[in-house]
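K.L.:
Submitted below is the structure of interest, expressed as structure tokens.
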Amino acid sequence: MPSPVLLLWSLLSVLVAGTCTFTFLQPFWLVHSDLLHAFGLVAYCYSGSSHHDDRETCSAYGGNFRLGSIPSGAWQAACVLYGAGCVLACLGALLSLCSACMPGHCRRRVTRAGGYVQTVSVLIMIAGLLIFPLGLSSKFFRHYCGDSAAAYNSGHCLIGWSYMLGIMGTALSIFCPFLSQFTDMKASDIFS
């Protein structure tokens with residue numbers, strides 16, 4: 001039977017990988033104060049400005065997703081970093097699930113590899129989250145968020161729930177590499 005730490009590591013790995021990937025795809029990283037425009041790493045949304053047209057329309061920058069269509073170089077870098085971190089987090093979650101089904105002698109190598117993958121994932125997602133606000137100084141976002149918008153200053157815009165969820169998911173994913181180092185602990189070792 002797998003140890004409780006291994007089960008906790010697997011559960012947390014799957015949860016943070018799903019949360020971070022969901023966050024990456026959401027267009028609510030930055031929201032205009034009028035709540036009519038929202039911007040994400042790969043997509044943006046806008047609502048009709050009249051009372052008759054309250055539909056929200058969302059699409060990728062430039063219609064189809066291309067990295068060059070993202071309106072800020074810093075956001076392009078953040079998209080690559082955070083997206084690669086999400087892919088590695090999903091790989092780490094897959095390794096954690098596979099290790100729960102393996103015999104004990106193979107499990108240690110897989111959990112160690114999963115921990116290393118998750119460490120790299122966390123580091124590059126943190127880099128993506130730190131680079132993201134640098135893009136607020138671009139001409140595109142100054143148009144929407146006002147001339148006071150600058151790096152780490154959102155002007156008339158607000159930080160959206162997607163960015164905050166990304167921060168929380170990344171913060172929780174910091175625990176995954178540590179848990180991977182203790183997956184061979186038995187329940188009797190923990191409670192004694």
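The values are calculated or read from the model by the stated rules, or taken from the named source; none is laboratory data. Small disclaimer: the values here were computed from a predicted structure and weren't measured. Note that each Cβ is placed from the backbone with ideal geometry, even for glycine, and that neighbours are counted across all protein chains shown. Only protein heavy atoms, including side chains, enter the accessible area calculation; ligands, DNA and RNA are left aside. Shrake-Rupley method; radii C 1.70, N 1.55, O 1.52, S 1.80 Å.
K.L.:
Which whole-number value in Å² is the accessible area per residue of the chain, probe 1.4 Å?
P.N.:
With all protein chains present, the chain gives 52 Å² per residue.
K.L.:
Here is a follow-up. Given springs between every Cα pair under 10 Å in a Gaussian network model of the chain, which of F65, F24, F175 has the largest fluctuation?
P.N.:
F65
K.L.:
Moving on. Going by alpha carbons, how many degrees (0 to 90, nearest 10) lie between the helix axis of 104-131 and the longest principal axis of the chain?
P.N.:
That helix lies at roughly 20 degrees to the long axis.
K.L.:
Where the centre of each part is set by its Cα atoms, how far does the range 122-182 sit from the range 1-51, in angstrom?
P.N.:
When both Cα centres are located, 12 Å separates them.
K.L.:
Right, another one. How far is helix 73-100 tilted off the main Cα axis of the chain, in degrees rounded to 10, range 0 to 90?
P.N.:
With both axes taken from Cα atoms, the answer is about 20 degrees.
K.L.:
Any idea what the dipole of the range 93-192 comes to, in debye rounded to 20, about its Cα centre with Lys/Arg Cβ at +1 and Asp/Glu Cβ at -1? List each step's numbers first, then the result.
P.N.:
Values: 7 positive and 3 negative charges, 56 e Å.
Taking the Cα centre of the range 93-192 as origin, the dipole is about 260 debye.
K.L.:
While we're here: Along the positive direction of the dipole of the range 1-143 (beta-carbon charges: Lys, Arg +1; Asp, Glu -1; about the Cα centre), which of F65, L6, L88 reaches farthest?
P.N.:
After comparing all options, I get L6.
K.L.:
Answer rounded, prolate or oblate for the range 1-98, using the Cα gyration tensor with square roots of eigenvalues a ≥ b ≥ c: rounded when a/c is under 1.5, else prolate when a/b is larger than b/c, else oblate.
P.N.:
Values: a/c = 3.59, a/b = 2.07, b/c = 1.73.
Prolate, because a/c is 1.5 or more and a/b exceeds b/c.
K.L.:
Please calculate the 1.4 Å probe accessible area of L25, with all protein chains present, and give it to the nearest 10 Å².
P.N.:
Solvent-accessible area, nearest 10 Å²: 100 Å².
K.L.:
Going by a ≥ b ≥ c, the root eigenvalues of the Cα gyration tensor, does the range 107-192 fall in the rounded group (a/c under 1.5), the prolate group (a/b larger than b/c) or the oblate group?
P.N.:
Working: a/c = 5.79, a/b = 3.10, b/c = 1.87.
Prolate, because a/c is 1.5 or more and a/b exceeds b/c.
K.L.:
Treating the angle as unsigned and between 0 and 90°, give the value, to the nearest 10°, between the Cα long axis of helix 161-173 and the longest Cα principal axis of the chain.
P.N.:
Orientation of helix 161-173: about 20 degrees from the principal axis.
K.L.:
In whole percent, what relative contact order does the chain give with Cα contacts below 8 Å and a gap of six or more residues? Spell out each step's value before the answer.
P.N.:
On the way: 333 pairs, mean separation 59.2, N = 192.
That works out to 31 percent.
K.L.:
Here is a further query. Where in the chain is the longest stretch that carries no trypsin sites (Lys or Arg not before Pro) classed as loop by DSSP and with at most 15 other Cβ atoms within 10 Å?
P.N.:
Values: sites that count: R55, R66, K186.
Counting at most 15 other Cβ atoms within 10 Å as exposed, the longest clean stretch of the chain is 67-185.
K.L.:
Given a 1.4 Å probe and every protein chain left where it sits, what share in percent of the accessible area of the chain is carbon and sulfur?
P.N.:
On the way: 6880 of 9970 Å².
Whole-percent figure for carbon plus sulfur exposure: 69.
K.L.:
About its Cα centre, how strong a charge dipole does the chain have in debye, to the nearest 20, once Lys and Arg get +1 and Asp and Glu get -1 at the Cβ?
P.N.:
On the way: 9 positive and 7 negative charges, 142 e Å.
Magnitude of the dipole: close to 680 debye.
K.L.:
Just name one of F140, G128, L158: the one whose Cα is farthest towards the positive end of the charge dipole of the range 85-185 (beta-carbon charges, Lys/Arg +1, Asp/Glu -1).
P.N.:
G128
K.L.:
Compute the Cα gyration tensor for the chain, then decide on rounded, prolate or oblate, letting a ≥ b ≥ c be the square roots of its eigenvalues: rounded whenever a/c is under 1.5, prolate when a/b is larger than b/c in the other cases, and oblate in all that remain. Display every interim value, and only then the final one.
P.N.:
Working: a/c = 2.81, a/b = 2.57, b/c = 1.09.
Prolate is the answer for the chain, as a/c is 1.5 or above and a/b outweighs b/c.
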